[in-house]
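Some notes on the structure that comes next.
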Amino acid sequence: RWPDAEIARFQNMLTTQYLSSLIHGTCENGNKELTMSEALINIGVFNDNRAAFELGLKMWRGRTPAYIYLKTDGPKPVDPPGCGPALWGNKGFTPEFVDGLLQESARDSGHANLALAGMVDAAETARQQGVDLYAEQGNRIMAALEFQAQYLPPNNAQPPEGLEFHLHPTWEIAYNEFHDRLGNSLPKMAVVLPLNRPTGVNHPMNWETLTHAGMGGIGLPPVKKQDIAHTNRRPKNKSQTAEGHRRRLINNRNERFERRCGKPHFREISRRSPRSNVGYISLGTVEPALRGCIEHGAPTPLAPQPITMAEICLIQKNFA
């Protein structure tokens, strides 16, 4: 075990050297922002920094539906919050949008799976903390697993023109969650994994066969009740509507933030979605002195996910 002084030094390095580079996210390819969300969640756990952990959850919730396509999204993929359309093509070629296609599938198999691994790693760490991100985007992740597996041996589907698929040291954590823990059928990935074991290391992909193959739910904590709001369940009555729930969250968070940091003053609404009347507030819209307070563990009042203009007015009114 590290001495307490060394742990404190490492925690300080994570806070001073890494958080400031992560909290703003990125509008570049999704593998970067999904890995950033994983880093924020991990730092939040190691440093016992709830604000960093929650920001990682929000970043994940914004980017994940924009990275794996489902036909239920409509004719075009979901845009990452505040960024406009992501780049799904490569050198003028854009593949057909089918269930499970990843945003960087046309780029190469490697980057697409770096993103998927970061996405799943973040969800696994959150699940170990009692927050079930898997339940929110499980259909997408399972679709991505089966979409890729059909083109990998011993499966023999012919890959679409312009796309390549290769083995990578990953998929074990996701398979353990959706098949071993939850009992979902993933027949194509089930026959790929034995030929891919044991997995090694490549960036966020680390010894997954060793840590997760066949582990099921051993040691898994229950899902925390306060996270049920993110499972898209139908509210039972008016007091449980999304509007009422968000209003209570905003008020409670504002009070905690003000006790820790004082009242922030917004300079501007930093980004506007190209879709309808949805706006975004980012950490860049808060005064620098208060941003430092957020980075050092204060509960943040800011949300990377889309919020309505009416809610933005509510936030501004509370912080005026």
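The values are calculated or read from the model by the stated rules, or taken from the named source; none is laboratory data. All of these numbers come straight from a predicted model, not from anything done at the bench. Neighbour counts run over all protein chains shown; Cβ positions are idealised from the backbone, glycine included.
Look through 19, 55 and report the one residue that is of a type outside the set (D, E, K, R), under 24 Å from residue 139 (Cα atoms), outside any loop (DSSP other than H, G, I, E, B) and touching a helix residue (DSSP H, G or I) at 6+ places or on another chain (Cβ under 8 Å).
Exactly one of 19, 55 is of a type outside the set (D, E, K, R), under 24 Å from residue 139 (Cα atoms), outside any loop (DSSP other than H, G, I, E, B) and touching a helix residue (DSSP H, G or I) at 6+ places or on another chain (Cβ under 8 Å), namely 55.
Test residue 112 against the criterion of being outside any helix (DSSP H, G or I), among the hydrophobic types (A, V, I, L, M, F, W, C) and either surrounded by fewer than 16 Cβ atoms within 10 Å (Cβ to Cβ) or in contact with a strand residue (DSSP E or B) (Cβ under 6 Å, 6 or more places away or on another chain) (or both), and give yes or no.
Working: outside any helix (DSSP H, G or I): no; among the hydrophobic types (A, V, I, L, M, F, W, C): yes; either surrounded by fewer than 16 Cβ atoms within 10 Å (Cβ to Cβ) or in contact with a strand residue (DSSP E or B) (Cβ under 6 Å, 6 or more places away or on another chain) (or both): yes.
Answer is no for this residue.
Test residue 118 against the criterion of being buried (at least 18 other Cβ atoms within 10 Å of the Cβ), of a type outside the set (Ser, Thr, Tyr), modelled with pLDDT of 95 or more and on the phi > 0 side of the Ramachandran plot, and give yes or no. Steps first, please.
Numbers: buried (at least 18 other Cβ atoms within 10 Å of the Cβ): yes; of a type outside the set (Ser, Thr, Tyr): yes; modelled with pLDDT of 95 or more: yes; on the phi > 0 side of the Ramachandran plot: no.
So residue 118 fails the test.
Test of understanding: among 22, 14, which residue is at pLDDT 95 or above and either buried (at least 20 other Cβ atoms within 10 Å of the Cβ) or within 21 Å of residue 170 (Cβ to Cβ) (or both)? I'd like the intermediate steps shown before the answer.
Working: 14 fails: either buried (at least 20 other Cβ atoms within 10 Å of the Cβ) or within 21 Å of residue 170 (Cβ to Cβ) (or both).
From the options 22, 14, the qualifying one is 22.
The conditions are (1) within 20 Å of residue 112 (Cα to Cα); (2) crowded, with 18+ Cβ neighbours inside 10 Å; (3) free of Cβ contacts under 8 Å to residues at least 12 places away in the same chain, and residue 179 fails exactly one of them. Which is it?
In the conditions (1) within 20 Å of residue 112 (Cα to Cα); (2) crowded, with 18+ Cβ neighbours inside 10 Å; (3) free of Cβ contacts under 8 Å to residues at least 12 places away in the same chain, residue 179 misses (1) alone.
Restricting to segment 32-52, and then to whatever is out of contact with any Gly (no Cβ under 7 Å at 6 or more places or on another chain) and assigned to a helix (DSSP H, G or I), can you tell me which residue is nearest to residue 140 (Cα to Cα)? If you could, list the steps in order and put the result at the bottom.
Within segment 32-52, the first condition is being out of contact with any Gly (no Cβ under 7 Å at 6 or more places or on another chain), and the residues that meet it are 32, 39, 42-43, 45-48.
This time we only want the ones that are assigned to a helix (DSSP H, G or I), so: 32, 39, 42-43, 45-46.
Values: 32: 19, 39: 21, 42: 23, 43: 26, 45: 26, 46: 28 Å.
Filtering segment 32-52 for residues that are out of contact with any Gly (no Cβ under 7 Å at 6 or more places or on another chain) and assigned to a helix (DSSP H, G or I), the one nearest to residue 140 (Cα to Cα) comes out as 32.
Please enumerate the residues belonging to segment 47-65 that are polar (S, T, N, Q) and under 12 Å from residue 123 (Cα atoms). If you could, list the steps in order and put the result at the bottom.
Initial filter on segment 47-65 (polar (S, T, N, Q)): 47, 49, 64.
Once the filter is applied, which keeps residues that are polar (S, T, N, Q) and under 12 Å from residue 123 (Cα atoms), segment 47-65 yields only 64.
Step by step: first the residues of segment 26-48, then only those that are among the hydroxyl-bearing types (Ser, Thr, Tyr) and touching a residue at least 24 places away in the same chain (Cβ under 8 Å), then the one that is farthest from residue 132 (Cα to Cα). Which residue is that?
In the first step, residues of segment 26-48 are kept if they are among the hydroxyl-bearing types (Ser, Thr, Tyr); the result is 26, 35, 37.
So of that shortlist, the ones also touching a residue at least 24 places away in the same chain (Cβ under 8 Å) come out as 35, 37.
Working: 35: 18, 37: 15 Å.
Across segment 26-48, the extreme among qualifying residues is 35.
Given the structure, is residue 124 touching a helix residue (DSSP H, G or I) at 6+ places or on another chain (Cβ under 6 Å), over 19 Å from residue 71 (Cβ atoms) and buried (at least 24 other Cβ atoms within 10 Å of the Cβ)? Even if it seems obvious, please write down each step before you answer.
Details: touching a helix residue (DSSP H, G or I) at 6+ places or on another chain (Cβ under 6 Å): yes; over 19 Å from residue 71 (Cβ atoms): yes; buried (at least 24 other Cβ atoms within 10 Å of the Cβ): no.
Considered against the rule, which asks whether it is touching a helix residue (DSSP H, G or I) at 6+ places or on another chain (Cβ under 6 Å), over 19 Å from residue 71 (Cβ atoms) and buried (at least 24 other Cβ atoms within 10 Å of the Cβ), residue 124 comes out as no.
For the condition modelled with pLDDT of 95 or more, surrounded by fewer than 24 Cβ atoms within 10 Å (Cβ to Cβ) and of a type in the set (Ser, Thr, Tyr), what is the one hit in 134, 69?
Numbers: 69 fails: surrounded by fewer than 24 Cβ atoms within 10 Å (Cβ to Cβ).
From the options 134, 69, the qualifying one is 134.
Of (1) assigned to a helix (DSSP H, G or I); (2) over 20 Å from residue 59 (Cβ atoms), residue 157 satisfies all except one. Which?
(1)
Among (1) in a loop (DSSP other than H, G, I, E, B); (2) in contact with a helix residue (DSSP H, G or I) (Cβ under 8 Å, 6 or more places away or on another chain), where does residue 138 come up short?
Going through (1) in a loop (DSSP other than H, G, I, E, B); (2) in contact with a helix residue (DSSP H, G or I) (Cβ under 8 Å, 6 or more places away or on another chain) one by one, residue 138 breaks only (1).
Return the total of residues in segment 91-105 being closer than 19 Å to residue 74 by Cβ and surrounded by 15 or more Cβ atoms within 10 Å (Cβ to Cβ).
8
Residues being of a type outside the set (Ser, Thr, Tyr) and more than 14 Å from residue 125 (Cα to Cα): count how many of those fall in segment 26-46. Let's see the steps before the verdict.
Residues of segment 26-46 of a type outside the set (Ser, Thr, Tyr): 27-34, 36, 38-46.
Filter once more, keeping what is more than 14 Å from residue 125 (Cα to Cα): 27-33.
Qualifying residue count for the region: 7.
If we scan segment 70-90, do we find a residue that is touching a helix residue (DSSP H, G or I) at 6+ places or on another chain (Cβ under 9 Å) and part of a helix (DSSP H, G or I)?
For segment 70-90, residues touching a helix residue (DSSP H, G or I) at 6+ places or on another chain (Cβ under 9 Å) and part of a helix (DSSP H, G or I): present.
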